[in-house]
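For reference, the structure discussed in these notes is given below.
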Amino acid sequence: MHLLINTGGGDAPGLNAVIRAVTLGALNRGWQVTGIRYGYEGLRTGDPDGLVPLDRDRVRGIAHLGGTILGAINKGNPFEYPVQQGDEVVLTDVSAEVLARFRAVGGDALVAVGGDGSLRIAKRFCDLGLPVVGVPKTIDNDLDGTLFTFGFDTAVSVATEAIGRLHTTAESHRRVMVVEVMGRDAGWIALHAGIAGGADVILIPEIPFDIDSVCVKIRQREAAGRGFSIVVVAEGATPHGGGRVIRAREAGRDVQLGGIGEEVAEAIRALTGKETRTTVLGHIQRGGTPSAFDRVLALRFGAAAVNLVERRLFGHMVGYDPPDMVPVPIPEAVARLRRVPLDSGTLRTARSLGMCLGD
Ligand SMILES: Nc1ncnc2c1ncn2[C@@H]1O[C@H](COP(=O)(O)OP(=O)(O)O)[C@@H](O)[C@H]1O
Ligand SMILES: O=P(O)(O)OC[C@H]1O[C@](O)(COP(=O)(O)O)[C@@H](O)[C@@H]1O
Ligand SMILES: [Mg+2]
């Protein structure tokens, strides 16, 4: 068996642990393993450096390292590949080139590690006869079919530590500190880090917010002698009747979000007269070493992916259904996003703690 592996979409802490577990699991079965650089790019271009033979030495000492030794890409969908033609970018289907190269290098199966986009691509390849097993990756934790994926715990830890640090300076200066965290469509990071860090206001994409409610909370605190507040905002949060704040658009990739934190801070300043400051945590949440929890989870995902290949459960991804790793049909996992349910116990906990959710 010649197993190929790639990592697609944004990077997440734990990707290297997956690569290690897949490689060792395969080598221990007597299989050959090759890494594809930059998603499908390493196959598409035909560049000999695009493929990395993975042996024990190559995956030694990488489980604790952030990023991915194979590189990641979030604008290389082979079915809608952005090709520059003059001034225009034309989305072109180059999947046949990828398939041909996969066969030319003697690939028997692929482990595709990535988010919803990567898994949709993987399924399309599977339908074209390329045997694929998926491993879910999202720091936003918004993939269905798995309770958690690696990267989320690390992101929540980083955001929680940042909220803690902002707390002390907020209190010293009696300011309102707004922290913008990741979370395009789902507010899991904001919710968990907000609760863990003791935020006063948590704004998530699932609950359109009313800035007046946010200001009521800040004034109530002020009246109770608490001259500072911490507001955690997911990048995908929207005001009532308003849209997401988009930083950039580029053909062939998802819109880049960012800026809602500054808008919220400005509105709070205008409405309450309080001094405000904004911190955008951005890629700090995604970079660096994975937490121990994420390492264990990622190693388990990798080991389970090899098991699915062995069982020839192609078209499935590994799902974490505690305490087990289970096969989940990819179409089921990508049919809808796993957003924070409005009746979720974690949301109720935030409310019970007196946190304002913007509604
Ligand atoms: N393996 C890959 N090779 C090339 N491009 C990819 C690959 N995986 C994902 N992409 C591109 O990145 C986009 C986002 O992928 P996704 O897996 O959803 O990651 P994320 O949610 O981290 O952005 C996809 O729609 C696709 O355009
Ligand atoms: O690095 P980029 O391309 O700007 O992507 C940023 C996006 O990636 C994310 O970190 C999502 O990543 P996940 O797919 O791992 O959840 C979003 O929160 C953010 O909007
Ligand atoms: Mg995605």
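The values are calculated or read from the model by the stated rules, or taken from the named source; none is laboratory data. Please read all numbers here as calculations on a predicted model, not as lab measurements. Here the Cβ positions follow ideal geometry from the backbone for every residue, glycine too, while neighbour counts run over all protein chains shown.
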- Query: Do the conditions hold for residue 91, that is, is it modelled with pLDDT under 95 and either under 25 Å from residue 126 (Cβ atoms) or not basic (Lys, Arg) (or both)?
  - Reply: yes
- Which ranges mark the helices (runs of 4 or more DSSP H) fully within the range 277-359 that have 2 or more residues being surrounded by 18 or more Cβ atoms within 10 Å (Cβ to Cβ) and within 16 Å of the chain's Cα centre (by Cα)? 292-310, 330-334
- Query: Of these, 278, 272, which one is outside the structural domain of residue 137 (by TED's automatic domain parsing) and touching a strand residue (DSSP E or B) at 6+ places or on another chain (Cβ under 7 Å)?
  - Reply: 278
- Does the range 291-340 hold any residues that are within 22 Å of residue 33 (Cα to Cα) and of a type in the set (Asp, Glu), and which are they? 310
- Query: What pairs can you find where one residue is in the range 69-93 and at positive phi, the other is within 16 Å of ligand 2 (Cβ to nearest atom), and their Cβ atoms are less than 6 Å apart, with a gap of 6+ or different chains?
  - Reply: 71/38
- Item | Candidate set from the range 1-52 (those that are within 27 Å of residue 288 (Cβ to Cβ) and of a type in the set (D, E, K, R)); member that is farthest from ligand 1 (Cβ to nearest atom) | 20
- Item | Pick from the range 164-199, criterion more than 16 Å from ligand 2 (Cβ to nearest atom) and within 20 Å of the chain's Cα centre (by Cα), ranking: surrounded by the most Cβ atoms within 10 Å (Cβ to Cβ) | 195
- Residues in the range 101-140 that are within 12 Å of ligand 3 (Cβ to nearest atom), over 15 Å from residue 318 (Cβ atoms) and either at pLDDT 95 or above or assigned to a loop (DSSP other than H, G, I, E, B) (or both) total 4
- Task: Quickly run through the range 201-213 and pick out the residues that are buried (at least 24 other Cβ atoms within 10 Å of the Cβ) and closer than 22 Å to residue 226 by Cα.
- Result: 201, 202, 203
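The rows are residues; the columns are (1) away from ligand 1 (no atom under 11 Å from the Cβ); (2) in contact with a helix residue (DSSP H, G or I) (Cβ under 9 Å, 6 or more places away or on another chain); (3) farther than 24 Å from residue 63 by Cβ.
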| residue | (1), (2), (3) |
| --- | --- |
| 119 | no, yes, no |
| 130 | yes, yes, yes |
| 140 | no, yes, no |
| 147 | yes, no, no |
| 151 | no, yes, no |
- Within the set of pairs 6 or more residues apart or between chains, which connect a residue that is among the aromatic types (Phe, Trp, Tyr) inside the range 106-126 to a residue that is within 11 Å of ligand 1 (Cβ to nearest atom) with Cβ atoms less than 6 Å apart? 125/132
- Of all residues in the range 69-85, count the ones that are within 12 Å of ligand 2 (Cβ to nearest atom) and either outside the structural domain of residue 22 (by TED's automatic domain parsing) or modelled with pLDDT of 90 or more (or both). 2
